[in-house]
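Participant: Structure incoming, see below.
The values are calculated or read from the model by the stated rules, or taken from the named source; none is laboratory data. Worth saying up front: this structure is predicted, and the values here are computed from it rather than measured. In this analysis, Cβ positions are derived from the backbone assuming ideal geometry, glycine residues included, and neighbour counts consider all displayed protein chains. These accessible areas exclude ligands, DNA and RNA; they are computed on the full protein's heavy atoms, side chains included. Shrake-Rupley method; radii C 1.70, N 1.55, O 1.52, S 1.80 Å.
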Amino acid sequence: CARWQRLCHVVLEETVRRIQEYAPELLGISVVTRRLFGMNEIARRVRAHLPGVTIVAGGPHINYLPRESMELGVLDFALPGFGETKFPLLVEALAAGGTPERLATVPDLYYRVEGEIRANPPDDKPLVLDDLPFPNRSLIDLNVYFTVADKARMTTMYSSRGCPFRCVYCDVQEKRFHYRSARKIVDEFAYLVSLGIDEIHIFDDTFNINRQRVLDMCHEILERGLRVRWNARVRVHPFDREMLALMKRAGCQRLHVGVESLDPAILEYMQKQITLAQIHEFFACCNEVGIDTLAYFILGFPQETEEYRR
């Protein structure tokens, strides 16, 4: 434990040092709950070195607890939800002077006016993922990213956002399923292949919810003659042999799947909405068509017995 604390301290100090060297005017931090302490410390120390910096936080913890995060006292702004359109609006508002009137135009924004925390109403506009540009990967060194399993030069991408399921342990609070078209997904695949990427990991919350979309994507890859290796994060259900066989033909190498438990009572308590029969069928089908699998399990879940662990 002491060694882990020392390592965390070193990482925190290095993070603050690099931010201090860069000296940004605006610092954005994404935070999940388990990293709230780290976020708070980074923000506190950066402000001590750079008193003029503006600090805004987003991410899963902010989505749940934006006001409480602001009450910690180190953030200038909290911005829940997807930031592709809202964050540029915040930057524009700050560039125009950051007056309360301009800040009030940024949907979902939490900010202070004379010490009082204000919250703007959310944006009702639908999120259309096809309208968003591809990430500018020229800003990073792609050579330093690789898969542990294959040692392949890789990158991640999203084909959808959100998950309608309500597993009790999950931090994905966006229950609407937003998805990109098959054409746009394969456009990005082709772009990544042109950059020399060997393997693409689709980092969706749940890739396979819309069966027809998956089939359309695979057909698009095959029709273009695109040779690409990819993997994805999925549920064990819904799945079938036809879908898996087509995914294999289209270059799918591995599926990362959240099994979580093999105890039916715990699966029910988790609200996973899957059965042991569906789990067995999924892995049997993957073995049959030749797709590798990587399963996620939660150990020590409430109601788990010593007999189960054996």
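Table: residues versus (1) under 22 Å from V148 (Cα atoms); (2) of a type in the set (A, V, I, L, M, F, W, C).
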| site | (1), (2) |
| --- | --- |
| F207 | yes, yes |
| V214 | no, yes |
| C218 | no, yes |
| L226 | no, yes |
| E242 | no, no |
| K248 | yes, no |
| R254 | yes, no |
| A265 | no, yes |
| A277 | no, yes |
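Participant: Let me ask another. Is it true that some residue in the range 293-305 is loosely packed, with under 14 Cβ neighbours inside 10 Å, under 23 Å from the mean Cα position of the chain (by Cα) and under 26 Å from V186 (Cβ atoms)?
Facilitator: Scanning the range 293-305, I find at least one residue that is loosely packed, with under 14 Cβ neighbours inside 10 Å, under 23 Å from the mean Cα position of the chain (by Cα) and under 26 Å from V186 (Cβ atoms), so the answer is yes.
Participant: Another question, if that's okay. I want to confirm something. Restricting to the range 198-226 and keeping residues that are within 20 Å of the chain's Cα centre (by Cα) and assigned to a loop (DSSP other than H, G, I, E, B), which single residue is surrounded by the most Cβ atoms within 10 Å (Cβ to Cβ)?
Facilitator: Result: F207.
Yes/no per residue for (1) in contact (Cβ under 8 Å) with a residue 24 or more places away in the chain; (2) open to solvent by 50 Å² or more (accessible area, probe 1.4 Å); (3) in a strand (DSSP E or B); (4) within 17 Å of D171 (Cα to Cα):
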site: E13; (1), (2), (3), (4): no, yes, no, no
site: E21; (1), (2), (3), (4): no, yes, no, no
site: P24; (1), (2), (3), (4): yes, no, no, no
site: I29; (1), (2), (3), (4): yes, no, yes, no
site: E41; (1), (2), (3), (4): yes, no, no, no
site: R45; (1), (2), (3), (4): yes, yes, no, no
site: I55; (1), (2), (3), (4): yes, no, yes, no
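Participant: Still on this structure, please answer the following. Check whether at least one residue in the range 2-10 is open to solvent by less than 30 Å² (accessible area, probe 1.4 Å) and either at pLDDT below 90 or hydrophobic (A, V, I, L, M, F, W, C) (or both), and report yes or no.
Facilitator: Step one: filter the range 2-10 for residues open to solvent by less than 30 Å² (accessible area, probe 1.4 Å), giving none.
No, the conditions are met nowhere in the range 2-10.
Participant: Are any residues in the range 252-310 hydroxyl-bearing (S, T, Y) and in contact with a Gly (Cβ under 9 Å, 6 or more places away or on another chain), and if so, which ones? It would help to see each step written out before you state the result.
Facilitator: To start, the set of residues in the range 252-310 that are hydroxyl-bearing (S, T, Y) comprises 261, 269, 275, 293, 296, 305, 308.
Passing the criteria: only Y296.
Participant: Among the residues of the range 57-73 satisfying the criterion of being in contact (Cβ under 8 Å) with a residue 60 or more places away in the chain and within 17 Å of Y111 (Cα to Cα), which is least open to solvent (accessible area, probe 1.4 Å)?
Facilitator: Keep residues of the range 57-73 that are in contact (Cβ under 8 Å) with a residue 60 or more places away in the chain, which gives 60, 63-64.
Next, from what is left, pick out any that are within 17 Å of Y111 (Cα to Cα): 63-64.
Values: N63: 54, Y64: 122 Å².
Among them, the one singled out is N63.
Participant: When you scan the range 126-151, how many residues do you find that are assigned to a loop (DSSP other than H, G, I, E, B) and over 21 Å from the mean Cα position of the chain (by Cα)?
Facilitator: Selection size over the range 126-151: 2.
Participant: Would you confirm whether or not the range 232-240 contains a residue that is under 30 Å from T305 (Cβ atoms), open to solvent by less than 20 Å² (accessible area, probe 1.4 Å), in contact (Cβ under 8 Å) with a residue 40 or more places away in the chain and in contact with a helix residue (DSSP H, G or I) (Cβ under 9 Å, 6 or more places away or on another chain)?
Facilitator: Yes, there is a match, as at least one residue in the range 232-240 is under 30 Å from T305 (Cβ atoms), open to solvent by less than 20 Å² (accessible area, probe 1.4 Å), in contact (Cβ under 8 Å) with a residue 40 or more places away in the chain and in contact with a helix residue (DSSP H, G or I) (Cβ under 9 Å, 6 or more places away or on another chain).
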